[in-house]
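The values are calculated or read from the model by the stated rules, or taken from the named source; none is laboratory data. Note that this is a predicted model, so its numbers are computed, not measured. Cβ: placed from backbone, ideal geometry, glycine included. Neighbour counts: every protein chain shown.
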Amino acid sequence: MNRLALIILILFSNTLFSQGTDSGYKIGRTYKGDIVEYSFINKKGDTIKKLDSDKYYSTLNIEFKNFAVFGIKGKKGWTAIDINEKHLFEVYNKYSGEPSPDDLTENRIRIVGENGKIGYADDKGKIIIKPQFVFATHFSKGFAIVGSKCQKISNSHNNEADCQHVSIKCDQYGYIDKSGAIIKLGDYTFKEIKEKINWQKLEY
């Protein structure tokens, strides 16, 4: 990650870790020059646990309940950790070529398995839907759009140093419920499924 992207991440970082409305934790930050030290703190501002600043390089301003999402040095992507720093799962990155971990939407967050496919976890950090989809959206009104028979399309730039974006096109689309059950999947377009379930894209 280049320095500009890291600065943007730090500027937009904020509270990220909590375990409920009445009690919980959040991410505290201490700035020492170019070094950011992270810790878990409670609502009173007391430090519960300091994190190894040599291990983590960034986190974003996403609200969660029982886990936090960090970029870990030497490891690609985003990792969800609990307060004991146990690695729970890899969090899906929403936009190819940009640092943008998925949001918790309707108590589901997209995760990525070792097979590179997409699944979902809940706000407790429990994997609800095992990674099995090449393409999958966030949930909207109880449903998420999924695709099969997909291929990745690279959108390259003239300068190799620029971000490389990848889009996915599928021959089949359908949708699932929040348990992961496939309600419909076949020779439909994304637009047809989107209109059928009135799926709404999130506004950021």
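K76 fulfils the conditions (1) within 30 Å of K130 (Cβ to Cβ); (2) touching a helix residue (DSSP H, G or I) at 6+ places or on another chain (Cβ under 9 Å); (3) modelled with pLDDT of 85 or more; (4) surrounded by fewer than 13 Cβ atoms within 10 Å (Cβ to Cβ) except for a single criterion, (2).
Annotation note: of E114, E98, the sole residue that is under 24 Å from V36 (Cα atoms) and in a loop (DSSP other than H, G, I, E, B) is E98. Of all the criteria given as (1) at pLDDT 95 or above; (2) more than 21 Å from S148 (Cα to Cα), the one not satisfied by V69 is (1). Within the stretch 25-61, being surrounded by 18 or more Cβ atoms within 10 Å (Cβ to Cβ) and assigned to a strand (DSSP E or B) holds for Y25, K26, I27, G28, V36, Y38, F40, I41, Y56, Y57, S58, T59.
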